[in-house]
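Here the structure is laid out as structure tokens; the discussion comes afterwards.
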Amino acid sequence: MSRNDPLSLLREFTISKKPITLVDSSGGLVTELTDASDVVFADDRQTFTFPRSTPTNYRRGATDETYTLETLLFLLQRAHKSVSEYNLEGAQKGIPIVTILDKRLVLDYLTGATATSSSIVYQPSETNVHARDDVVDDQQDHPSKRQKTLAQSGHADENEILRLIISKERLARTTASVLRGNKSFANIQKVGAGILLKSKSKDEKAAAVAAAAAAKKPDSRQPGATVPSSTSSRPGAVPGAAVSRSGTSSSQSKSKSSSSRIPIIIIPAAITSMITMYNIKQFLEDQVFVESQELRNKGGAKPNRLTVERRQKPNETHKTPYHVLDSTDNLRPEDWDRVVCVFTTGAEWQFKKWKWQKPIELFAHVKGFYVKWADEQSKESIKTWNVEVLNLNRSRRHADRAVVTEFWDKLQGWCLANKPTLAY
């Protein structure tokens, strides 16, 4: 391919990182491709100028149409962007884009990752017509004549000889060419980009209308502000009272609805228990066991109620809350339906005055756990109760994570099977 071909120059300047200049109709330098009328390739030897709409030799897909210089240059400028951003910006600027099937092949060729491409259409120049005729004759005549012809054209550029050879090649159908097809979806891409623009415009208008409405709405907290109300027409009615009551009622209803689905975990109140209100939050959230006595020595007060939060997945931002308490005195009858887990010390008196006072009945309605040191034996009562045993190592605190993970996995599996309506 000759050096004054726009495709060759674009590839050469891209590989060698030479600057490509954009000029407008008056010859002034511009930075945006849409403002330019010509593209200038200038180096120490020569300068070439092409209109930005100049067709190149790179064929679009399986069609006979070729990409223009501005299309290939726009692709190089936006190679770092995603497909959707590239297509949207092309539609906004009115610049034809490279199809998604050709994008990687075009970039590889222009950046030098590949030496050639089957989509390039080679067209011999008039100065080499005779040389091409000689090559055609050589395919039919004696080898001595072929050598003579090649000797006569020895002064020709090696690239020109290669071009003549490739011009006689016929590319067989490959998997890639069959999948590429012969249809162009450029119009669909333009329509999609237009839909995205309309949707974005509607969202911006809706946000502006909402902001304007919020600005006009009077603030009931400001002196002299009035709030429309259907009850204000009644004698003695206080403006805004109905709105305030309905707003409070709605808020309370929503709060009650969400809180009534939060699972409850009950732990022992005994100070000899390994799991207490002092260390339960650090154990279940930070996955590290710290003895309660150590935390009590620091002077912290024992909380009456805690909320433990847990991410269901490592990268999930939402945290699921669990209420934790060590006394059932303030539990209402309907709250027992939210109890999903009970930590036990193995003493039956722990369940006194509970809804289910018998261990067999209790652990048929909730998931039971018993925490102990790994080198200790479980209590005899635990062996007959339907509870899971969690073994902690006395000195290896890094092993606590595996124990806590086991706890959450078993509790969530039980909740899925027995309490699917709760927000766990």
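Here are some notes:
- Residue 53 being in a loop (DSSP other than H, G, I, E, B), assigned by TED's automatic domain parsing to the domain that holds residue 96, without any contact (Cβ under 8 Å) to a residue 12 or more places away in the chain and of a type in the set (Ser, Thr, Tyr): no
- Filter pass, residue 283 being assigned by TED's automatic domain parsing to the domain that holds residue 404, at pLDDT 90 or above, in contact with a strand residue (DSSP E or B) (Cβ under 8 Å, 6 or more places away or on another chain) and of a type in the set (Phe, Trp, Tyr): no
- Residue match in region 120-134 (condition: under 30 Å from residue 60 (Cβ atoms), part of a helix (DSSP H, G or I), of a type in the set (Val, Ile, Thr) and at pLDDT 50 or above): no
- The residue list 289, 283, 351, 343 contains one member that is touching a residue at least 12 places away in the same chain (Cβ under 8 Å) and in contact with a Ser or Thr (Cβ under 9 Å, 6 or more places away or on another chain), which is 343.
- Any chance residue 41 is in the same structural domain as residue 55 (by TED's automatic domain parsing) and either in a helix (DSSP H, G or I) or under 20 Å from residue 93 (Cβ atoms) (or both): no
- Of the candidates 5, 44, 24, the single residue that is surrounded by 14 or more Cβ atoms within 10 Å (Cβ to Cβ) and charged (D, E, K, R) is 5.
The values are calculated or read from the model by the stated rules, or taken from the named source; none is laboratory data. Predicted, not measured: the structure shown is a model, and the values here were computed from it. Positions of Cβ are backbone-derived with ideal geometry, glycine not excepted, and every protein chain shown enters the neighbour counts.
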